[in-house]
Amino acid sequence: MVGVMKSREARIIAACAAAVLASGSVLAQQAVVTRDFEAEIQAALQAAKTAAGFEFLGTLVRTCLLPQSGGEDTRDGVPGYVTNPGAAPARETWYADPAKVFDNLYFVGGKVHSSWALTTSDGIILIDTIFPYNSEELIVGGLQKLGLDPRSIKYVLISHAHGDHIGGAEMLQARYGARVVMGAPDWETVAKYPNRYKTMAPKRDIVATDGMTITLGGTTVTMWLTPGHTPGTLSYTFRVLDRGTPINVAYSGGTAFNFVNDRPNPGIRNFQTYIDSQKHMAGKAAATGATVLLSNHSEFDNAVNKNRMLAGRGNGPHPYEVGAQWIQRYFEVMQGCARAAQLRLEQRLASTARR
Ligand SMILES: [Zn+2]
């Protein structure tokens, strides 16, 4: 009798436990069903918008508003501007005057795409090289206009292997013997697509690793792996001088969502890589006390406008120096916009899972 009671009690307890588990899973399902993706997306967009303020509107527009390219480019065609230089965009669409920005940092880019010359006592570290059709006039010509010698370019750092940044690398390596630094995956992309990189492909040289430094004449640039825009995208931290005062710079090497982002797999993972990279770089910017944000597109750092403002600076603050808090806000814009886009994919995945 006692034994029967025990087994009955055991059955009742087991039944209760099953009921609790079942109701738990119903609750869990309801939690999934009732997740308010629209509210989460709006919150991410609002966070990006708030972070951007009036300082980083170009970055906000590019990453939150404009349509993104849908995926990986696997074509290997020679760009039209290489096959037929006459097809390159008209000079007035890209020409900008070179400028001395800091005591030891010069702008030698164009209206849209930037190239930067960090000068040292042992030569120049050049960051990004714009297009094949304008690197000669803007970089080589720009340095000469500024009284600098292009033959003293010792290092060329390429933030990522797209034609608007790697365009002059082959020429600068061949002509001046400059050492070229790039992320491993982007070296591989250049090797994989010989036509796409015709006239732009430097011989494989230095492969950047996270935290690697390039030092020339006592000036050091630290490289940070920030995969996302391309798998090998590099960002940098380095120090410049403003009328003798040291100022720390964070250089963001890739911005738009130039990866497979139009379907949950692998889009959700790709956005996570991108978001993690922005967090990584924001951490390095904070650790080095960066108060200046530089980029390879004027769209993101307002370089061309700020160069104009420099002329009227007088004894006022440096137009590029926005403070450490704004540098964090820059990376919050990128994270908020990426999170919103990632959430849209999560929402799509959840709705297909329910069907
Ligand atoms: Zn790019």
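What follows draws every value from the coordinates through simple rules; no lab data is involved. It should be emphasised that the depicted structure is a prediction, and the values quoted were computed from it without experimental measurement. Reconstructed Cβ throughout: ideal geometry from the backbone, glycine too, with neighbour counts over all protein chains shown.
When DSSP beta bridges are limited to those with both residues in the stretch 153-275, what percentage is antiparallel, rounded to the nearest 5? All intermediate terms of the calculation are to be shown ahead of the outcome.
On the way: 16 of 22 bridges.
Approximately 75 percent, going by the DSSP bridge assignments.
Neighbour counts of other C-beta atoms within 10 Å: give me E38, E188 arranged from fewest to most. Working shown, then result.
Values: E38 11, E188 16.
Going from sparsest to densest Cβ surroundings: E38, E188.
Classify the stretch 119-237 as rounded, prolate or oblate, taking a ≥ b ≥ c as the square roots of the eigenvalues of its Cα gyration tensor: rounded when a/c is under 1.5, otherwise prolate if a/b is larger than b/c and oblate if not. Don't jump to the answer; show the numbers that get you there.
Working: a/c = 1.92, a/b = 1.16, b/c = 1.66.
Judged from the Cα gyration tensor, the stretch 119-237 comes out oblate (a/c at least 1.5, b/c at or above a/b).
Reported value for the stretch 50-204: 145 Å³ per residue, from the convex hull of its C-alpha atoms.
Site-free segments of the chain were taken between chymotrypsin sites (Phe, Trp or Tyr not before Pro) in DSSP loops having at most 14 other Cβ atoms within 10 Å, sites themselves excluded; the longest one is 96-355. Note on K198: lysines with a C-alpha under 30 Å away, same-chain residues under 8 apart excluded, are K111, K145, K154.
The C-alpha atoms of the stretch 254-355 occupy a region whose extents along the principal axes are 65, 27, 16 Å, arranged from largest to smallest.
Among the complete DSSP H segments of the chain, which ones combine at least 30 Å of alpha-carbon extent along their axis with a mean Kyte-Doolittle hydropathy of 1.6 or more? Don't skip to the end; give the middle numbers.
Working: long enough: 2-33 (46 Å, 1.12); 264-288 (36 Å, -0.78); 324-354 (45 Å, -0.42).
Counting only whole DSSP H runs, no helix qualifies.
When the chain is described by a simple charge dipole with +1 on each Lys and Arg Cβ and -1 on each Asp and Glu Cβ, the residue from G283, A90, I158 located farthest towards its positive end is G283.
Assuming a ≥ b ≥ c are the square roots of the Cα gyration tensor eigenvalues, decide whether the stretch 30-98 counts as rounded (a/c under 1.5), prolate (otherwise, with a/b larger than b/c) or oblate. Each step should come with its number before you reach the end.
Working: a/c = 5.80, a/b = 1.84, b/c = 3.16.
Oblate, because a/c is 1.5 or more while a/b does not exceed b/c.
Modelled this way, with points 7 Å down the Cα-to-C-beta line, the labels at T213 and T199 are 3.9 nm from one another.
Taking every C-alpha pair closer than 8 Å and separated by at least 6 residues, the mean separation divided by the residue count of the stretch 272-355 gives a relative contact order of 41 percent. Each label point was placed 7 Å from the Cα along the Cα-to-Cβ direction; for T220 and V78 their separation is 4.4 nm.
Just subtract the alpha-carbon distance of Q272 and R354 from 0.36 nm times their residue separation and send over the number in nm, one decimal.
Numbers: separation 82, 0.36 × 82 = 29.52 nm, distance 2.34 nm.
27.2 nm is the gain from fully extending Q272 to R354.
What fraction of the DSSP beta bridges in the chain is antiparallel, stated in percent and rounded to the nearest 5? Roughly 65 percent of the beta bridges in the chain run antiparallel, per DSSP. Work out, in µm²/s and without decimals, the Stokes-Einstein translational diffusion coefficient of the stretch 205-315 at 25 °C, 0.890 mPa s, Rh from Kirkwood over C-alpha pairs. Using the Kirkwood radius from Cα pairs, D works out to 158 µm²/s.
Taken over the C-alpha atoms, the stretch 159-228 has Rg and Dmax values of 12.3, 38 angstrom.
What order do you get for T226, T288, T352, T255 when you list them from fewest to most C-beta neighbours inside 10 Å?
With the fewest neighbours first, T226, T288, T352, T255 line up as T352, T288, T255, T226.
Counted over the stretch 79-160, the DSSP beta bridges are approximately 75% antiparallel. Counting neighbouring beta carbons within 10 Å and listing from fewest to most, the residues K306, K192 come out as K192, K306. Between the alpha-carbon centres of the stretch 223-280 and the stretch 137-187 there is a gap of 20 Å.
Binning every alpha carbon pair distance of the chain at 20 Å from zero, what are the percents per bin? All Cα pairs considered, the percentages come to 28, 50, 14, 6, 2, 0.
When Rg and Dmax are taken over the Cα atoms of the stretch 91-147, they come to 10.6, 35 Å.
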